[in-house]
Structures are given as C-alpha cells and as structure tokens.
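The structure appears right after this line, and notes come after that.
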Amino acid sequence: MYLVNRTIIVASNNEHKIREIQEILNSFTIKKASDVAEKFEVEEDGETFCENAYLKAKALSIYTNDIVLADDSGLEVFSLNNEPGIYSSRYSKEQTDEANLEKLLKNLKGIKDRRARFSCCMVAVFADNVIQKEGYVYGKIIDEPIGKNGFGYDPVFVPEGYDITFAQMDAETKNSISHRKNALEKIKEALEVML
Ligand code: IMP
C-alpha cells in the first residue's frame, strides 16, 4: 500500500509530545487529537502497552481518514516482575508522580538488582492497516531522587552509559535516547517504505 495522505493525527493533546513527534516525523504534517475530535476519551484497559496504544489509535480513527498515531509507555523494573508497567501513572493510591516514585523506592528497598527499562509502544492506524513498534531505554533505579527536569520516574532512572538521571539531563539529550524516540524512529522507517 502507498500512502497518499501525509497528515498524522496524534492521539494526544500534549504539546510536548506533539512537538517531539513533529521533529522526528518531519516529512509529515502532525496534528493533535483536538484538531479532529472535540472530546476524546478512551478507557485504557488493555494488558500491554501496545494494546493500550492500539485502543487509543482506534478510538480516534473514527473521527478521521488521516493516519492516527498513539503511544503508551511506562517503567518496567525487572526485580519487581516488571512493575509498575502499564500501571506506571496510577501505581500509588494518590496517582501522582511523587507518590508513585515513593512507592517504587519503598518496594525496591533492600533489593540489589535495580535494572529497569522505559518501554514505549507506538501504533499507527490508517484504513485497515496497523503498524506497531516498540522502543526501549535500559538503565537502573537509584536509591534517592536526583534532578528537577522531566516528569514521572525521571529522577530515579539512570540510563545505561550515563551517570546522571533523566531528570538531570536537558530535554534534548533525554529525547535523543528515549524509549519514545526509539519507537518513533521505527514507525518512521515503516511509514517511509509506504511513501
Ligand atoms: P504515557 O503513556 O506517556 O502517558 O506515560 C505513562 C506513565 O509512564 C507516566 O505517567 C510516567 O509515570 C511513566 N513514564 C512514561 N514515560 C516516562 C518518561 O520518559 N519519564 C518518566 N516517566 C515516564
């Protein structure tokens, strides 16, 4: 199949995410969810990142004939059975970044194996086609939060090959090695084959 349409609707209204996607998918016109659907809500009740990303993409695709792109991501800590995983944003009762992080460090207390990864699944849906790509960044979880940048679990995640956390990095450096970037590059490759 050849793509004649070069517009991609991202199933998010997060300006940060939209900009990051526009920078990588630079031969496409990128629009946000609210450009095609006034109110767009989905119950993310899948069991994997890819299932949740697909649910989001599919839900938005009913409003447009353009390509729809959705992602779902989170932190997987190997010694915790890949927790928090798809529950990353709702790990603690309070469901705030601070409380989630606190719960993670409590659960890791005394555990030596601190290896973890951020995972991202990106799904592009157009006509009857689905492209699904996963991206990762591997690293470890430190004992105490360090750094003020970023969000979520960034203050406790030190990526492989670095000795600072994601929260100590500038956005440009983080975005150049992130799980989202990794997944997006793979989506780009797959889409470009169809142009
Ligand atoms: P979302 O799928 O991008 O909405 O991410 C879900 C949750 O995973 C976030 O609320 C964070 O807790 C966590 N997460 C995903 N990506 C990152 C990241 O790059 N840094 C820190 N936390 C992240």
Problem - Cα-centred dipole magnitude for the chain, charges only on beta-carbon of K, R (+1) and D, E (-1), debye, nearest 20 - result: 200
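What 222 nm value per residue comes from the helices of the chain, counting each DSSP H run with n ≥ 4 as -39,500 (n - 2.57) and dividing by all residues, nearest 500 deg cm²/dmol? Can you show the working numbers first?
On the way: 5 runs with 56 residues, N = 195.
That comes out to -8500 deg cm²/dmol.
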Handout entry: Exposed trypsin sites (Lys or Arg not before Pro) absent: longest stretch of the chain, with sites in DSSP loops and at most 15 other Cβ within 10 Å deemed exposed
Key = 40-92
Practice task
Measure off, as a whole percent, the carbon and sulfur share of the 1.4 Å-probe accessible area of the chain, all protein chains present.
Solution key: 45
Problem - For the chain, with +1 on Lys and Arg beta carbons and -1 on Asp and Glu, the positive-most of Ala124, Ala53, Ile142 along the dipole - result: Ile142
Exercise for the section: For the range 22-117, give the magnitude of the charge dipole about the Cα centre (Cβ charges: +1 Lys/Arg, -1 Asp/Glu; no others), in debye to the nearest 20. Expected result: 460
Exercise for the section: Would you mind giving the three semi-axes, in whole Å and largest first, of the ellipsoid equivalent to the range 7-193 according to its Cα gyration tensor? Expected result: 30, 18, 14
Completion exercise
Checking every Cys Cβ in the chain against the others at 4.7 Å leaves as unpaired Cys120
Problem - Residue-count net charge about Leu105 - beta-carbon cut-off 9 Å; Lys, Arg +1, Asp, Glu -1 - result: 0
Exercise for the section: Scan the chain and hand back the longest stretch that contains none of the GluC sites (Glu not before Pro) lying in DSSP loops with at most 13 other Cβ atoms within 10 Å. Expected result: 95-159
Practice task
With a 1.4 Å probe and every protein chain left in place, tell me how much accessible area His16 has, in Å² to the nearest 10.
Solution key: 120
Problem - Computed over the range 95-134, Kirkwood Rh from alpha-carbon pairs, angstrom - result: 13.4
Completion exercise
Heavy-atom accessible area per residue of the chain, all protein chains kept, 1.4 Å probe, expressed in Å², is 55
Problem - Cα-Cα pairs of the range 11-92 separated by more than 19 Å (percent) - result: 44
Fill in the blank from the handout: With every protein chain kept in place and a 1.4 Å probe, the residues Asp66, Asp154 fall, from largest accessible area down, as Asp66, Asp154
Exercise for the section: Please calculate the 1.4 Å probe accessible area of Ser88, with all protein chains present, and give it to the nearest 10 Å². Expected result: 10
Fill in the blank from the handout: Correct response: the longest run of the chain lacking exposed chymotrypsin sites (Phe, Trp or Tyr not before Pro), defined by DSSP loop and at most 12 other Cβ within 10 Å, is 3-150
Practice task
Whole Å is fine, so just give me how far the alpha carbon centre of the range 102-135 lies from that of the range 25-57.
Solution key: 17
Fill in the blank from the handout: Short to long, in 10 Å steps from zero, the percent of alpha-carbon pairs of the range 51-94 per bin is 26, 35, 25, 12, 1
Handout entry: Options Phe78, Tyr162, Ile62, ranked by Cα towards positive dipole end of the chain, top entry (Cβ charges)
Key = Tyr162
Practice task
Search the structure for amide H atoms under 5 Å from the amide H of Ser12, placed 1.01 Å from N in the peptide plane, and list their residues when 5 or more places away or on another chain.
Solution key: Ala33
Problem - Length-normalised contact order for the chain - Cα pairs under 8 Å, 6+ apart - percent - result: 18
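The values are calculated or read from the model by the stated rules, or taken from the named source; none is laboratory data. The shown structure was predicted, so the numbers you read here are calculated from the model rather than taken from an experiment. Cβ: placed from backbone, ideal geometry, glycine included. Neighbour counts: every protein chain shown. Side chains included, ligands, DNA and RNA excluded: accessible areas come from the protein's heavy atoms. Shrake-Rupley method; radii C 1.70, N 1.55, O 1.52, S 1.80 Å.
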